[in-house]
Amino acid sequence: ARWPGRRSALDGAPAAAMPPHVYTSRRYARRGGPGGAVQNACAAFFVGALMLVGSAVLLWWNEGTAVERYETLELARREVLELGEGARAGSGGRGRLVHVTAVASGEVLDDGTFGVAVPALRLRRDAQTLQWVEKTSERKRQGGGRDVTYSYSRQWRGERVRSEGFHRGGYDNPVSLRYSPAEWDARVSLAGGFELAPSLVQKLSGFQSVELDASEASSQREEANGLIAARRAAGAAGSDAVALRDERALSRPTQVAYVPRGYSASHSKLQSYRPGTEPEVGDVEVRFSAVPSGQVVSVLAKQDSSGKLSAWRPPASKTRGSGASSVAVVAFGDVSAAELIASEVTANTIRTFVLRGVGTLLCFFGFLLLSSPITTLVGVVEFVPIVGPMLSGLVGAGLCFASLTLGLAMATCTIAAAWIAHRPLFATLAIGAAIAVLCMGSRTGHGSGRTTG
């Protein structure tokens, strides 16, 4: 919808001339021969077979990866070298998995466009443009055909939404975005001469909003570039060295060098529309957030000869294969090596169960698609009054239940087979325990039957 007193960014029409934003298109089923229905059923059958193959591959790979990850973390638990407080790079543990806890210092990062410069470990610019977004929903009608509903809403998006493919015209988005999201990572060093590899820096989260101060900003690009260059020179001269070790530096407002003409600035964002008015499609909001420098971090990684910390991979002689995963963990605060490894074990467990669920769903939908020929045959009598819809519903419910049962059985058997292949001893013990429980239950049942007799 548009707002009173504002013109449309789409076609210049006033608010009252704007069309509604929800449309329903009615599509009728074609009453051709049975060839089309048979063709669709065969295609669904083929897709279902592919889904079953994919689910088996996914479940097998997931179990193998879970076992390998668990063994790698157990090896890391035994191999890790604790570097105590005040440890220095190169003092020991070269090439080994080490645990370090120290204060992290970054750099003065600036985005180069607006001149927002902060002492931080990471800097993020979140630039979003208000755009039209199309959503589609379908509803099958009794008797054939379907209703397709197209709804349009305005949403803030960082990437361009292509409106050329919209079902309805008049909801045009900008051809290009003036500003886009971006991130900058500092070269992070730890007290004692250690340095984090870029892959570890990217694991640092905990972004905090950057408060902005545009009191000295310029709307002229050349003048703003001069301010940015002067601040960079001041940072290179060491005026920000204290701020790099102060994790509270972000609590103070940050100077903005450039505010484009027509934009306004508040303490939290830059915006292309006037304060107090509603934004239109094409308007822009820019916010900044950063990971403060000067925080204590705990790292579990490999140390090289120069003190750089990077991902550790166990030697092939201590693993069952060459595909062992790496260990590179970083967290804020004084976190022990045991706690870091425990968090990775928990993450591995969660990922394993999530993928098991995905694989099981693939099995279910695979068998459901395999039953498409039966559904197509039953659809022939669907148009018979009273009896047709009832028979179709019963058959559909039965096929759904059968697909669920077969899907669970296939997923369980695939997981069991994977365990036998990847952890044969453990799987054998588990199977033996299950058989023992079944035998005990059977004997108990026979015994109670004889007693009753």
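The values are calculated or read from the model by the stated rules, or taken from the named source; none is laboratory data. A quick note: this is a predicted structure, and the numbers were derived from the prediction, not measured. Methodologically, a virtual Cβ is constructed for each residue, glycine included, from the backbone with ideal geometry; neighbour enumeration extends over all protein chains shown. Areas reflect the complete protein model, heavy atoms only, side chains present, ligands, DNA and RNA absent. Shrake-Rupley method; radii C 1.70, N 1.55, O 1.52, S 1.80 Å.
What distance in nm lies between label points placed 7 Å from Cα along the C-beta direction at Ala338 and Asp304?
With each label point 7 Å from Cα toward Cβ, the separation is 3.3 nm.
State in Å² the accessible area per residue of the range 95-167; use a 1.4 Å probe, count heavy atoms of protein chains only, and round to the nearest integer. Don't skip to the answer; put the middle values down first.
Details: 3090 Å² over 73 residues.
Here the per-residue accessible area is 42 Å².
Leaving out same-chain residues fewer than 8 places away, which aspartates and glutamates sit with a Cα under 12 Å from that of Lys269?
Reachable aspartates and glutamates: Asp126, Glu211, Asp213, Glu285.
At a Förster radius of 35 Å, what calculated FRET efficiency corresponds to the Cβ-Cβ distance of Phe426 and Val358, to the nearest 0.05? Intermediate values should be presented prior to the final figure.
Working: r = 24 Å, r/R0 = 0.67.
After rounding to 0.05, the efficiency reads 0.90.
Could you calculate the contour length gain from Val175 to Thr136, that is, 0.36 nm times the residue separation minus the distance between their Cα atoms, to one decimal place in nm? Write out the running numbers ahead of the final one.
On the way: separation 39, 0.36 × 39 = 14.04 nm, distance 2.25 nm.
Once the chain is fully extended between Val175 and Thr136, it gains 11.8 nm.
For Ser251 and Gln202, what does the FRET efficiency come to when R0 = 25 Å and r is the distance between their Cβ atoms, rounded to the nearest 0.05?
Working: r = 24 Å, r/R0 = 0.98.
Given R0 = 25 Å and the Cβ-Cβ separation, E is 0.55.
Give a residue-ordered list of calculated ³J(HN,Hα) values for the range 88-97 (Karplus: 6.51 cos²θ - 1.76 cosθ + 1.60, θ = phi - 60°; whole Hz; x for Gly, Pro).
Per residue, the Karplus-derived 3J(HN,Hα) values read 10, 5, x, 6, x, x, 5, x, 9, 7 Hz.
Pull out the extension gain between Glu216 and Leu394, defined as 0.36 nm times the separation in residues minus the alpha carbon to alpha carbon distance; nm, one decimal. Could the numbers behind the result be given before it?
Values: separation 178, 0.36 × 178 = 64.08 nm, distance 7.30 nm.
That works out to 56.8 nm of additional length.
So how long is each side of the range 334-373 along the principal axes, counting just the alpha-carbon atoms, biggest first, in Å?
Projected onto its principal axes, the Cα set of the range 334-373 covers 61, 10, 5 Å.
Would you please calculate the Kirkwood hydrodynamic radius of the range 88-180 over all C-alpha pairs and express it in Å, rounded to one decimal? List each step's numbers first, then the result.
Values: mean 1/r = 0.0531 Å⁻¹.
Taking the inverse mean of 1/r over all distinct Cα pairs, the range 88-180 comes out at 18.8 Å.
Would you work out what percent of the accessible area of the range 56-115, with all protein chains in place, is carbon or sulfur (probe 1.4 Å)?
52
Run the numbers for Ala402 and Thr24: contour at 0.36 nm per residue of separation, minus the present Cα-Cα distance, in nm. Spell out each step's value before the answer.
On the way: separation 378, 0.36 × 378 = 136.08 nm, distance 3.52 nm.
Result: 132.6 nm gained on full extension.
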